[in-house]
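The values are calculated or read from the model by the stated rules, or taken from the named source; none is laboratory data. Since we're looking at a predicted model, the values are computed, not measured. Neighbour counts run over all protein chains shown; Cβ positions are idealised from the backbone, glycine included. Surface areas here come from the heavy atoms of the whole protein model, side chains and all, with no ligands, DNA or RNA. Shrake-Rupley method; radii C 1.70, N 1.55, O 1.52, S 1.80 Å.
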Amino acid sequence: QVQLVESGGGLVQAGGSLRLSCAASGIIFEISTMGWYRQALGKQRELVAAITKDGSTNYADLVKGRFTISRDNAKKTVYLQMTSLKPEDTAVYYCTTDRRGTNYWGQGTQVTVSS
(Lines give C-alpha, C1' and ligand atoms only; values in the text may rest on other atoms or scores of the structure.)
Protein backbone atom coordinates (compact mmCIF):
# COMPACT_ATOMS: atom_id res chain seq x y z
CA GLN A 1 0.00 0.00 0.00
CA VAL A 2 1.47 3.32 -1.09
CA GLN A 3 1.42 6.07 1.50
CA LEU A 4 2.69 9.61 1.20
CA VAL A 5 2.56 11.73 4.33
CA GLU A 6 3.33 15.43 4.10
CA SER A 7 4.28 17.68 6.97
CA GLY A 8 5.81 21.08 7.58
CA GLY A 9 3.12 23.42 6.37
CA GLY A 10 1.93 26.40 8.35
CA LEU A 11 1.49 30.14 8.49
CA VAL A 12 4.45 32.33 7.61
CA GLN A 13 4.96 35.97 6.78
CA ALA A 14 5.95 37.08 3.31
CA GLY A 15 9.68 36.70 2.85
CA GLY A 16 9.84 33.80 5.26
CA SER A 17 10.77 30.18 4.77
CA LEU A 18 9.28 26.75 5.31
CA ARG A 19 10.47 23.23 4.67
CA LEU A 20 7.95 20.61 3.67
CA SER A 21 8.62 16.91 4.10
CA CYS A 22 6.97 13.91 2.50
CA ALA A 23 7.60 10.47 3.96
CA ALA A 24 6.90 7.63 1.55
CA SER A 25 6.14 3.97 2.07
CA GLY A 26 4.95 1.16 -0.14
CA ILE A 27 7.22 2.14 -3.02
CA ILE A 28 10.80 1.49 -4.00
CA PHE A 29 11.73 5.01 -3.10
CA GLU A 30 15.22 4.88 -4.53
CA ILE A 31 13.95 4.49 -8.10
CA SER A 32 10.89 6.70 -7.82
CA THR A 33 10.46 10.16 -9.24
CA MET A 34 8.90 12.36 -6.58
CA GLY A 35 7.04 15.57 -7.06
CA TRP A 36 5.39 18.44 -5.26
CA TYR A 37 2.22 20.04 -6.55
CA ARG A 38 0.10 22.79 -5.08
CA GLN A 39 -3.48 23.87 -5.36
CA ALA A 40 -4.67 27.31 -4.40
CA LEU A 41 -8.30 27.97 -3.59
CA GLY A 42 -10.32 28.07 -6.78
CA LYS A 43 -7.38 27.13 -8.98
CA GLN A 44 -6.12 24.00 -10.66
CA ARG A 45 -3.45 21.87 -9.12
CA GLU A 46 -0.04 22.77 -10.57
CA LEU A 47 3.42 21.28 -10.56
CA VAL A 48 5.87 22.99 -8.21
CA ALA A 49 8.94 20.77 -8.47
CA ALA A 50 10.04 17.24 -9.20
CA ILE A 51 13.13 15.14 -8.61
CA THR A 52 14.16 11.94 -10.37
CA LYS A 53 15.91 8.93 -8.89
CA ASP A 54 19.18 10.36 -10.17
CA GLY A 55 18.61 13.70 -8.48
CA SER A 56 17.69 15.66 -11.59
CA THR A 57 15.24 18.41 -10.76
CA ASN A 58 12.79 20.66 -12.49
CA TYR A 59 10.83 23.59 -11.19
CA ALA A 60 7.86 25.70 -12.14
CA ASP A 61 9.01 29.09 -13.39
CA LEU A 62 7.18 30.81 -10.54
CA VAL A 63 9.34 29.13 -7.89
CA LYS A 64 12.73 28.88 -9.60
CA GLY A 65 15.44 30.34 -7.45
CA ARG A 66 13.24 30.30 -4.35
CA PHE A 67 12.30 26.64 -3.84
CA THR A 68 14.59 23.62 -3.67
CA ILE A 69 13.50 20.00 -3.90
CA SER A 70 15.72 17.29 -2.44
CA ARG A 71 15.50 13.70 -1.35
CA ASP A 72 16.93 11.41 1.30
CA ASN A 73 16.73 7.84 0.07
CA ALA A 74 17.75 6.40 3.43
CA LYS A 75 14.77 8.11 5.06
CA LYS A 76 12.47 7.62 2.06
CA THR A 77 11.65 11.29 2.30
CA VAL A 78 11.45 14.12 -0.19
CA TYR A 79 11.73 17.73 0.90
CA LEU A 80 10.68 21.09 -0.46
CA GLN A 81 12.65 23.99 0.95
CA MET A 82 10.73 27.19 0.29
CA THR A 83 12.33 30.61 0.76
CA SER A 84 11.32 34.18 -0.04
CA LEU A 85 7.71 33.10 0.25
CA LYS A 86 5.02 35.27 -1.29
CA PRO A 87 1.30 35.50 -0.57
CA GLU A 88 0.68 33.91 -3.96
CA ASP A 89 2.46 30.77 -2.73
CA THR A 90 -0.49 30.16 -0.43
CA ALA A 91 -1.94 26.76 -1.30
CA VAL A 92 -2.29 23.18 -0.22
CA TYR A 93 0.92 21.39 -1.16
CA TYR A 94 0.77 17.77 -2.22
CA CYS A 95 3.45 15.14 -2.58
CA THR A 96 3.07 12.73 -5.46
CA THR A 97 4.67 9.76 -7.11
CA ASP A 98 3.90 7.18 -9.73
CA ARG A 99 4.00 3.42 -9.22
CA ARG A 100 3.28 1.07 -12.09
CA GLY A 101 1.39 3.73 -14.00
CA THR A 102 -0.77 4.86 -11.08
CA ASN A 103 -0.39 8.30 -9.52
CA TYR A 104 -0.44 8.50 -5.76
CA TRP A 105 -1.01 11.62 -3.68
CA GLY A 106 -0.57 12.57 -0.09
CA GLN A 107 -3.28 14.26 1.94
CA GLY A 108 -1.69 17.67 1.47
CA THR A 109 -0.32 20.28 3.83
CA GLN A 110 -1.54 23.86 3.99
CA VAL A 111 0.91 26.69 3.42
CA THR A 112 -0.37 30.19 4.13
CA VAL A 113 1.78 33.23 3.46
CA SER A 114 0.58 36.48 4.98
CA SER A 115 1.44 39.86 3.52
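The table below lists the values:
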item: Highest average packing first - 39-45, 89-95, 106-112, Cβ atoms within 10 Å; result: 89-95, 106-112, 39-45
item: Residue-wise HN-Hα coupling along the range 43-53, computed from phi with Karplus coefficients 6.51, -1.76, 1.60 (Hz; x: Gly, Pro); result: 10, 6, 5, 9, 5, 9, 6, 9, 9, 7, 4
item: Amide hydrogen neighbours beyond the local backbone of PHE67, cut-off 5 Å, H modeled; result: THR83
item: Cα-centre dipole for the range 38-90 with unit charges at Cβ (Lys and Arg positive, Asp and Glu negative), debye to 20; result: 160
item: Accessible area (Å², 1.4 Å probe, nearest 10) - TRP105; result: 100
item: Trypsin sites (Lys or Arg not before Pro) lying in DSSP loop within the range 46-83, provided at most 13 other Cβ fall within 10 Å; result: LYS64, LYS75
item: When the chain is reduced to its Cα atoms, the Kirkwood hydrodynamic radius in Å; result: 14.0
item: Lysine pair number, Cα distance threshold 26 Å (strictly under), the chain, separation 8 or more or different chains; result: 8
